[in-house]
Amino acid sequence: MLRQLRSQRRRRTARRALLLREASVDRNRRRNLGEALVTVLLVAMVIVSFSALIYQVVTRP
């Protein structure tokens, strides 16, 4: 009886640890996705601004 309770508790804590680990992995993935999106946007802004600058220099009368 006691052994059964102990194994149940162990199983439950293992399941909880697995769920917590999955949640943290999910959070990290979301954060990494956000950082990647911000990086891509920054690079796009830099490219657009440089191309606008080059366009102004080239089309100067």
Quick check: residue separation of SER24 and VAL58 times 0.36 nm, minus the Cα distance between them. What number comes out in nm? 7.2 nm
For the stretch 13-61, the charge dipole (Cβ of Lys, Arg +1; Cβ of Asp, Glu -1; about the Cα centre) points to a positive end, and the Cα of ALA52, LEU33, ALA23 closest to that extreme belongs to ALA23
Can you tell me what the convex hull of the Cα atoms of the chain projects to on average, as an area in nm²? 3.5 nm²
Per residue, accessible area of the chain with a 1.4 Å probe, heavy atoms of protein chains only, in Å², comes to 102 Å²
Counting only protein heavy atoms and using a 1.4 Å probe, what share of the accessible area of the chain belongs to carbon plus sulfur, as a whole percent? 64 percent
Ranking by accessible area, most exposed first, for MET1, MET45 with a 1.4 Å probe: MET1, MET45
Multiply the residue separation of ILE47 and ALA17 by 0.36 nm, subtract the distance between their alpha-carbon atoms, and state the gained length in nm to one decimal. 6.3 nm
Any idea what angle helix 2-58 forms with the longest principal axis of the chain, computed on alpha-carbon atoms, 0 to 90 degrees, nearest 10? 0 degrees
Quote the charge dipole size of the chain about the Cα centre in Debye, to the nearest 20; the model charges only the Cβ of Lys and Arg (+1) and of Asp and Glu (-1). 1080 debye
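The values are calculated or read from the model by the stated rules, or taken from the named source; none is laboratory data. Predicted model, so just to flag it, every value in this text is computed and none were measured. No Cβ is skipped: glycine too gets one built from the backbone with ideal geometry, and neighbour counts run over all protein chains shown. The protein model used for the area step is the full one, side chains on, heavy atoms only, and it has no ligands, DNA or RNA in it. Shrake-Rupley method; radii C 1.70, N 1.55, O 1.52, S 1.80 Å.
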